[in-house]
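The values are calculated or read from the model by the stated rules, or taken from the named source; none is laboratory data. Everything numeric in this text was worked out from a predicted model, so none of it was measured. Glycine also receives a Cβ, built like all others from the backbone with ideal geometry; neighbour counts cover every protein chain displayed.
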């Protein structure tokens with residue numbers, strides 16, 4: 001019987017060793033490392049990150065690369081601020097993404113993940129037409145660094161994401177499947193979404209949430225098991241599609257309650273995976 005590894009997301013920060021100690025103490029064999037500060041992509045931090053991963057015996061499954069500039073996580077300003085879709089941010093964010101890829105190579109991490117943004121559903125939209133060459137470039141430099149590039153799901157429909165991957169035409173593309181995001185952005189039922197993009201899934205965020213209740217704000221994130229993601233159905237379906245990667249718990253709050261929710265999510269997932 002196939003059993004999937006569990007993990008959690010940790011931030012890249014100066015005290016990187018303490019984050020890996022936390023992962024180990026919680027009993028996770030894997031993690032995703034998230035970084036929004038490009039100044040941390042330096043040789044010293046790469047060395048420390050690699051050493052911490054080895055010392056605590058925790059596998060880094062991807063570098064989640066936050067990109068510079070203004071981000072507004074809603075339906076009104078989100079399309080013009082998030083990811084590589086907004087033309088005004090493309091140059092600086094492409095530079096940062098390349099830096100993230102080079103950093104990940106030094107650490108030995110074989111994938112880079114980010115939100116590309118609200119990819120237009122109309123393939124003739126100028127933002128879409130001009131986005132594809134940029135993503136081909138991302139695939140190229142990630143490939144040169146021995147990496148795959150993973151799209152974090154959320155702001156686009158699964159069909160739009162599938163078309164984007166097909167139009168890029170690179171072999172090193174994958175999806176970091178966040179089922180809660182698909183709900184919170186109102187883009188798809190995550191179980192059904194796997195029928196469209198399931199064979200591209202390389203990473204999974206174990207998170208939960210609800211559909212939006214108005215046209216301006218995302219749906220609410222919830223503790224795993226309290227939202228609409230049907231994990232008892234989702235996990236077997238992932239396995240049936242050949243998924244063998246990690247389930248990385250994400251709880252986007254701070255403080256002691258975050259740790260309590262992560263522990264509870266771990267217990268739920270251990271019984272399912």
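In segment 1-15, which residues are outside any loop (DSSP other than H, G, I, E, B), closer than 20 Å to residue 255 by Cβ and touching a helix residue (DSSP H, G or I) at 6+ places or on another chain (Cβ under 8 Å)?
Within segment 1-15, 8, 10, 11 qualify.
How about segment 157-180: which of its residues are at negative phi and in a loop (DSSP other than H, G, I, E, B)?
Scanning segment 157-180 gives 157, 170, 171, 172, 178.
Yes or no: segment 74-94 includes at least one residue that is touching a strand residue (DSSP E or B) at 6+ places or on another chain (Cβ under 9 Å), farther than 21 Å from residue 182 by Cβ and either modelled with pLDDT under 95 or outside any helix (DSSP H, G or I) (or both).
no
For residue 112, indicate whether it is surrounded by 17 or more Cβ atoms within 10 Å (Cβ to Cβ) and either under 26 Å from residue 269 (Cβ atoms) or under 16 Å from the mean Cα position of the chain (by Cα) (or both).
Yes: the conditions hold for residue 112.
Give just the number: which of (1) within 17 Å of the chain's Cα centre (by Cα); (2) closer than 20 Å to residue 74 by Cα; (3) surrounded by 21 or more Cβ atoms within 10 Å (Cβ to Cβ) does residue 252 not satisfy?
(3)
Out of all the residues in segment 260-273, which are without any contact (Cβ under 8 Å) to a residue 24 or more places away in the chain and either surrounded by 12 or more Cβ atoms within 10 Å (Cβ to Cβ) or part of a loop (DSSP other than H, G, I, E, B) (or both)?
260, 271, listed by residue number.
What's the number of the only condition in (1) buried (at least 18 other Cβ atoms within 10 Å of the Cβ); (2) more than 20 Å from the chain's Cα centre (by Cα) that residue 117 fails to meet?
(2)
Spot the failing condition for residue 103; the list is (1) in contact with a helix residue (DSSP H, G or I) (Cβ under 7 Å, 6 or more places away or on another chain); (2) within 26 Å of residue 234 (Cβ to Cβ); (3) crowded, with 22+ Cβ neighbours inside 10 Å; (4) in contact (Cβ under 8 Å) with a residue 60 or more places away in the chain, and only one is missed.
(2)
Taking residue 71 as meeting all but one of (1) surrounded by 14 or more Cβ atoms within 10 Å (Cβ to Cβ); (2) touching a residue at least 12 places away in the same chain (Cβ under 8 Å); (3) not in a helix (DSSP H, G or I), write down the number of the exception.
Residue 71 satisfies every listed condition except (2).
Between residues in segment 106-132 that are more than 30 Å from residue 61 (Cα to Cα) and residues that are modelled with pLDDT of 95 or more and buried (at least 24 other Cβ atoms within 10 Å of the Cβ), which pairs lie under 6 Å by C-beta distance while being six or more apart or on different chains?
Taking only residues 6 or more apart or on different chains, the pairs are 127/85.
Looking only at segment 56-68, how many residues end up being over 20 Å from the mean Cα position of the chain (by Cα) and surrounded by 13 or more Cβ atoms within 10 Å (Cβ to Cβ)?
1
Residue by residue, here is whether (1) closer than 19 Å to residue 158 by Cβ; (2) modelled with pLDDT under 95; (3) assigned to a helix (DSSP H, G or I); (4) touching a strand residue (DSSP E or B) at 6+ places or on another chain (Cβ under 9 Å) holds:
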site: 195; (1), (2), (3), (4): yes, no, yes, no
site: 198; (1), (2), (3), (4): yes, no, yes, yes
site: 204; (1), (2), (3), (4): yes, no, no, yes
site: 213; (1), (2), (3), (4): no, no, no, no
site: 224; (1), (2), (3), (4): no, no, no, yes
site: 229; (1), (2), (3), (4): yes, no, no, yes
site: 234; (1), (2), (3), (4): yes, no, yes, yes
site: 258; (1), (2), (3), (4): no, no, yes, no
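Specify the residue that is surrounded by the fewest Cβ atoms within 10 Å (Cβ to Cβ); the eligible residues are those in segment 192-226 that are in contact (Cβ under 8 Å) with a residue 40 or more places away in the chain and over 19 Å from the mean Cα position of the chain (by Cα).
Ranking the candidates gives 215 first.
Condition test on residue 87, is it exposed (fewer than 15 other Cβ atoms within 10 Å of the Cβ), in contact with a helix residue (DSSP H, G or I) (Cβ under 9 Å, 6 or more places away or on another chain) and touching a residue at least 40 places away in the same chain (Cβ under 8 Å)?
Yes: the conditions hold for residue 87.
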